[in-house]
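Working notes, structure below.
Read-outs: derived from the displayed coordinates by stated rules, not from any lab. Nothing here was measured: the structure is a model prediction, and the numbers come from that model. When we count neighbours, we look across all protein chains shown, and the Cβ atoms used for this are built from the backbone with ideal geometry, even at glycine.
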Amino acid sequence: MGNRGMEDLIPLINKLQDAFSCIGQSCNMDLPQIAVVGGQSAGKSSVLENFVGRDFLPRGSGIVTRRPLVLKLVNNQAEYAEFLHCKGRKFVDFDEVRLEIEAETDRITGSNKGISAVPINLRVYSPNVLNLTLIDLPGMTKVAVGDQPIDIEHQIRDMLMQFITKESCLILAVTPANQDLANSDALKISKEVDPQGLRTIGVITKLDLMDEGTDAQDILENKLLPLRRGYIGVVNRSQKDIDGRKDIKAALGAERKFFLSHPGYRHIADRMGTPHLQKTLNQQLTNHIRDTLPGLRSKLQSQLLSLEKEVEEYKNFKPDDPTRKTKALLQMVKQFGVDVEKRIQGSGDQVDTVELSGGARINRIFHERFPFELVKMEFDEKELRREISYAIKNIHGVRTGLFTPDLAFEAIVKKQIIKLKEPCLKCVDLVLSELTSLVKKCTEKLGSYPRLREETERIVTTYVRERDIKTKDQVLLLIDIELSYINTNHEDFIGFANAQQRTTVINNKKRVMPNQVIRRGWLTINISIMKGGSKDYWFVLTAESLSWYKNEEEKEKKYMLPLDNLKLRDVEKGFMSTKHTFAIFNTESRNVYKDLRQIELACDTQEDVDSWKASFLRAGVYPEKDQVDSEDTGPAESFSMDPQLERQVETIRNLVDSYIGIVNKSIRDLMPKTIMHLMINSAKDFIHSELLAYLYSCGDQGSLMEESADQAQRRDEMLRMYHALKEALVIIGDISTTTVSAPVPPPVDDTWRTKEPSPPPQARPAPAAVPPPRRPPAARVPTAAPPPSSSQNPAFGAPLIPSRPGPPPVNTYSAADLVANVPLVPSRPARVPPALPPGIPRRPPAAPGRPTIIRPSEPSLLD
């Protein structure tokens with residue numbers, strides 16, 4: 001039986017596999033397994049049956065194994081078998097197991113000798129097996145027979161590669177002893193996927209069927225064609241024994257007797273046979289499992305980490321708890337309030353890196369969109385002067401005024417203040433839209449309960465719209481307050497005296513340093529195809545100019561455009577265009593760039609367009625005014641003023657400009673505060689304090705917390721996956737603490753695996769002419785007589801690099817010569833010789849009176 005640590009290890013691995021097979025993840029975990037590969041009739045099925053101790057695999061001619069068989073051996077007091085596709089059914093009669101394997105194979109592949117990569121999962125419980133997991137794969141063949149498909153060789157090869165290419169798979173390469181080892185398909189395919197030999201274990205079968213006078217001692221001692229993990233010999237039952245119902249237990253005893261009695265194997269009998277193969281596989285599997293644990297653990301942890309965020313919303317669900325719905329409702333309402341708070345105030349966790357959302361979008365409305373809307377209401381210079389002159393004349397009436405009237409100033413100022421109502425109300429509407437979208441986004445986490453989500457969204461949205469009405473009333477009240485009293489004693493107001501001395505400046509809105517960079521970014525210049533087509537450039541906007549470069553390194557400047565007399569205008573998006581466009585033009589009808597009267601600049605989103613417009617406003621480039629029908633007023637050139645009236649108009653113009661600047665500054669400051677207080681903060685307080693009461697008043701709590709069938713299924717699958725991952729990590733921790741790794745065997749010279757097959761070896765000369773320490777590469781015949789100093793024969797050391805044996809030395813040597821002349825590893829494979837050389841008589845293996853040399857046990861690479 002296997003070692004204690006391994007018997008504790010394999011059940012944990014099987015438990016780990018079962019934890020994932022129930023959720024459909026076993027194929028993705030690459031759990032360590034042992035794949036049995038070899039040619040047809042190599043003895044693979046017999047090896048597996050010796051493990052189990054029962055006859056249960058289908059037998060016949062040609063390709064019998066046509067689907068992979070995942071065989072899990074479990075040490076248990078009772079003996080029975082179970083199939084994964086027949087859950088709950090225990091097979092006590094192993095003849096029924098064979099029939100079920102054949103029926104399940106035909107169900108998938110049919111009866112035309114086709115193959116399939118879909119495995120058959122079989123678990124065998126028995127007191128006569130060690131805990132192992134093996135995969136029996138179809139035998140490799142080259143010629144299609146009967147109804148087999150023409151590409152049967154490639155189909156089988158592809159299926160074998162599907163299993164043995166995994167780094168977590170040990171390869172059990174089965175080769176019959178009566179076949180030239182250099183032509184072994186199993187060793188060849190294992191070399192392709194495991195060139196270092198770390199995962200390959202050689203198994204030599206049919207040792208009892210070798211021709212008389214030959215043996216495989218050189219192979220089993222890992223001298224002929226070395227493998228890093230060496231070879232293990234086994235003796236299976238013959239077809240005659242199988243047909244005669246020979247007991248497997250008796251067959252194992254006969255196998256043991258064979259190795260102890262054979263003169264070529266008795267010194268290594270403790271390292272041969274099916275029991276030793278079981279123990280070796282267990283230890284190799286232990287090493288391999290421990291090597292793969294770190295990668296397996298990291299893979300499980302990454303999957304668990306990705307699931308934790310999704311499972312977070314399901315952790316409070318306990319189906320058996322009668323208060324589950326109440327707890328879930330309280331938790332979800334609380335979490336909804338936290339999500340709204342985080343989206344508005346901003347948070348370091350769950351940051352959206354794709355687009356602006358929540359509070360960031362509201363901030364953009366406050367500080368980019370709203371100022372832009374205010375600037376769009378800027379008064380037209382000529383129209384304003386006309387209005388001022390009319391006001392002055394109407395106030396004077398029939399008299400000729402000697403002084404500038406105050407009433408004209410107040411009338412013009414109030415008219416301009418009233419124009420602020422439109423952009424202020426538009427700002428409130430924009431914030432309402434963003435807040436409604438934010439609430440809808442936060443209710444997505446309530447998707448498990450459709451009615452709860454619907455009611456929550458309805459209640460909060462209704463409340464926000466109610467607050468929208470009150471907010472607009474308060475905004476209009478702010479405008480009315482500004483209209484109620486014109487404070488000419490404001491500290492920022494220029495006063496009457498300063499207004500008379502002030503020089504008219506057309507563009508006096510720049511409040512940034514001349515060389516200060518306001519914005520950088522990519523924009524597309526839309527130009528007709530005839531003039532070069534649209535191109536992307538890196539733009540740099542300062543207080544005095546707009547420059548664009550080839551790239552963001554700003555080394556190759558394409559053009560610099562002064563901002564004097566420039567304005568913005570909106571441009572409709574083209575029929576085939578996906579970008580949003582605005583234009584820059586010169587108010588004096590001059591070319592802006594080359595022969596273009598205006599430059600069309602395009603952005604990917606409307607938000608980028610608005611942001612660029614706000615940046616141009618800071619630089620003093622304002623949007624184009626809407627053309628107003630001026631038929632009633634007549635053209636500006638038809639109106640003329642006397643010098644005194646012109647001075648009065650200029651004075652009031654400066655006073656209006658100063659006071660409107662004060663009002664705009666006050667409105668820009670108060671609008672965000674008013675909206676935050678009356679709409680946003682009030683909505684947050686409502687969600688935290690009153691939302692739960694409104695939900696309880698909606699009706700039956702049970703119907704409110706009725707989850708959808710899809711969400712219930714998704715929750716169950718998610719929780720099952722989550723707990724399976726946590727259980728798997730616990731199992732991996734147990735494996736790490738309860739097992740110990742064995743050292744990896746040192747490398748060997750396995751260059752033979754990449755060379756062409758060698759020609760058939762010749763028979764070895766009689767031992768009378770060749771001393772025992774120098775064993776030839778070919779098959780052996782029994783020794784005729786013991787060497788002179790057989791009692792002093794030392795144990796064999798590590799094998800050297802293969803080489804051909806030299807000429808027979810003189811038959812005089814001492815014990816020191818035996819130590820110096822370590823046997824060399826031959827370069828030819830052992831196989832049945834065609835004939836013995838002339839002059840060497842063929843003698844029976846165990847001639848009476850001829851004692852056989854029994855060499856002491858030597859250390860093996862497997863030890």
Ranked output for segments 668-675, 645-652 by mean other Cβ atoms within 10 Å, highest leading, reads 645-652, 668-675
Please name which of Leu692, Ser682, Ala712 has its Cα lying farthest along the dipole of segment 680-735 towards the positive end, using unit charges on Cβ (Lys, Arg +1; Asp, Glu -1) and the Cα centre as origin.
Ser682
Along the charge dipole of segment 434-499, pointing to its positive end and built from +1/-1 on Cβ of Lys, Arg, Asp and Glu, which listed residue (Thr461, Asn487, Leu446) has its Cα farthest out?
Leu446
Arranged from highest to lowest average of other beta-carbon atoms within 10 Å per residue, in what order do the peptides 192-199, 474-481 appear?
192-199, 474-481
Taking a ≥ b ≥ c as the square roots of the Cα gyration tensor eigenvalues, with a/c under 1.5 meaning rounded and otherwise prolate when a/b beats b/c, else oblate, which class fits segment 139-217?
oblate
Debye, to nearest 20: dipole size of segment 106-264, +1 on Lys, Arg Cβ, -1 on Asp, Glu Cβ:
520 debye
Take each of the peptides 71-77, 101-107, 220-226, average the number of other beta-carbon atoms within 10 Å over its residues, and list them starting from the highest.
220-226, 71-77, 101-107
Interchain or sequence-distant (5+) residues whose placed amide H lies within less than 5 Å of the amide H of Gly233 are Ile204, Gly273
Computed FRET efficiency, Cβ-Cβ of Ser708 and Glu444, R0 22 Å: what is it to the nearest 0.05?
0.95
Please get the size of the charge dipole for segment 230-284, origin at its Cα centre, with Cβ charges of +1 on Lys and Arg and -1 on Asp and Glu, quoted in debye to the nearest 20.
80 debye
Dipole magnitude of segment 190-291 about its Cα centre, charges +1 at Lys/Arg Cβ and -1 at Asp/Glu Cβ only, in debye to the nearest 20?
380 debye
